[in-house]
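Here the structure is laid out as structure tokens; the discussion comes afterwards.
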């Protein structure tokens, strides 16, 4: 077995770390450990929302819609992703929140991967 290769299932592996598949929070020595980037496979039931706004963001993020309808709330606008492949990118210092308008699957990539951050448990509205 080559420890430089990992094969998994996003839904199964993501359940361990709130959807996060790759980042600083994976064990050191695991090929999924990274201080450069984080990757999340997010599966959200309709009506699920971030419990509160993320503030003081120190990373850049890319969120890509795989399926569903997903709303990203930013300080000066709201972006609704409705078609597979729709995406939004926001930079460091941009606060954000989100809401699943329909059952949604999203892929999120953030960089860099910074210790000390923990996701809030989403809520159903």
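The values are calculated or read from the model by the stated rules, or taken from the named source; none is laboratory data. Note that the coordinates shown come from a computational prediction; the quantities given were computed from them, not determined experimentally. Methodologically, a virtual Cβ is constructed for each residue, glycine included, from the backbone with ideal geometry; neighbour enumeration extends over all protein chains shown.
For every residue, the table says whether it meets (1) modelled with pLDDT under 95; (2) within 13 Å of residue 96 (Cβ to Cβ); (3) surrounded by 17 or more Cβ atoms within 10 Å (Cβ to Cβ); (4) touching a helix residue (DSSP H, G or I) at 6+ places or on another chain (Cβ under 8 Å).
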| residue | (1), (2), (3), (4) |
| --- | --- |
| 29 | yes, no, no, no |
| 37 | no, no, no, no |
| 41 | no, no, yes, yes |
| 45 | no, no, no, no |
| 48 | no, no, yes, no |
| 53 | yes, yes, no, no |
| 59 | yes, yes, yes, no |
| 67 | no, no, no, no |
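State all residues of segment 3-19 that are surrounded by 12 or more Cβ atoms within 10 Å (Cβ to Cβ) and either assigned to a loop (DSSP other than H, G, I, E, B) or touching a residue at least 60 places away in the same chain (Cβ under 8 Å) (or both); if no residue qualifies, say none.
Kept after step one, since they are surrounded by 12 or more Cβ atoms within 10 Å (Cβ to Cβ), are these residues of segment 3-19: 6, 10, 13-15, 17-19.
Once the filter is applied, which keeps residues that are surrounded by 12 or more Cβ atoms within 10 Å (Cβ to Cβ) and either assigned to a loop (DSSP other than H, G, I, E, B) or touching a residue at least 60 places away in the same chain (Cβ under 8 Å) (or both), segment 3-19 yields 6, 18, 19.
Out of all the residues in segment 102-125, which are in contact (Cβ under 8 Å) with a residue 12 or more places away in the chain, surrounded by fewer than 17 Cβ atoms within 10 Å (Cβ to Cβ) and over 18 Å from residue 60 (Cβ atoms)?
Hits for segment 102-125 are 102, 103, 120, 121, 123, 124, 125.
Counting only residues that are free of Cβ contacts under 8 Å to residues at least 12 places away in the same chain, more than 21 Å from residue 15 (Cβ to Cβ) and in contact with a strand residue (DSSP E or B) (Cβ under 8 Å, 6 or more places away or on another chain), give me the strands (runs of 3 or more DSSP E) lying completely in segment 27-94 with at least 2 of them.
The qualifying strands (runs of 3 or more DSSP E) are 77-81.
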